[in-house]
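Down below is the structure, laid out as structure tokens.
The values are calculated or read from the model by the stated rules, or taken from the named source; none is laboratory data. Since this is a predicted model, take the numbers as computed values, not measurements. In this analysis, Cβ positions are derived from the backbone assuming ideal geometry, glycine residues included, and neighbour counts consider all displayed protein chains. Keep in mind that these areas ignore ligands, DNA and RNA; they rest on the heavy atoms of the full protein, side chains included. Shrake-Rupley method; radii C 1.70, N 1.55, O 1.52, S 1.80 Å.
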Amino acid sequence: MPKSVDIQKKRIILAQSATTLFLDKGYSKLTVSEVAQNAGIAKGSIYKYFDSKEDIVFAIIQLAQDKYDKEVLLSISNAKTIENKILALFDLCISNSNDGIKRRRLYKEFISICLDKPSNKMIEFLYKIKSKYITWLKAILQEGINNNILKDDAIKFANSLYVMGEGVLLFSSLDEYNNINLLQEHISLLLTALEKN
């Protein structure tokens, strides 16, 4: 009797094995054959788990995002100040660790795919990330308001903070944005302006 395969678990294993390949080659040069060969399975077998190359990349991004979200929520809960909570949320934009650099490359590649070959599934996922992060930013700012640290209208700046972080992230390969202190400086200035007197 053939062994039963958990399709979702196998998708995760295949996505994990394809991540480095995706980072090395980028979307345009990555082939399904290479993903299959890298995983040690026949090319035709890949299609038992993925519909297309786009589906493989989407699984890679989802996996990375799920892991990152768990780490971010833990960092936010451990941070002591409003500023440090916001910086924890934007770790993807400012981290110079190997993981941070790799995550930035993954996210930027994902954004370029969304711009070049948008699929409804990918765009919807991007909007879910945005919505989730703005919700978390609002909760952090509301905590500052509740603790009488920030002005009552500080929550209105959640969208602006998100856009600021995304801008630094997307342009981080340009020299003027390579300074990891840029986002910290802007967040600090904004929070100072929003402080309750």
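Structure notes:
- One residue stands out in region 61-87 among those that are of a type in the set (A, V, I, L, M, F, W, C) and surrounded by fewer than 16 Cβ atoms within 10 Å (Cβ to Cβ): the one that is farthest from SER112 (Cα to Cα), namely LEU74.
- Looking at LEU169, LEU182, LEU87, just one residue is in contact with a Leu (Cβ under 7 Å, 6 or more places away or on another chain) and assigned to a helix (DSSP H, G or I), and that residue is LEU169.
- Condition met for ILE187 (open to solvent by less than 80 Å² (accessible area, probe 1.4 Å) and closer than 21 Å to GLU71 by Cβ): yes
- Here GLN37 passes the criteria (1) open to solvent by 30 Å² or more (accessible area, probe 1.4 Å); (2) part of a loop (DSSP other than H, G, I, E, B); (3) modelled with pLDDT of 90 or more except the one numbered (2).
- Pairing each residue of region 119-148 that is part of a loop (DSSP other than H, G, I, E, B) with any residue that is modelled with pLDDT under 90 and of a type in the set (Lys, Arg), provided the two are 6+ apart or on different chains, yields C-beta distances under 8 Å for ASN148/LYS196.
- From the options TYR127, TYR107, residue that is surrounded by 13 or more Cβ atoms within 10 Å (Cβ to Cβ) and at negative phi: TYR107
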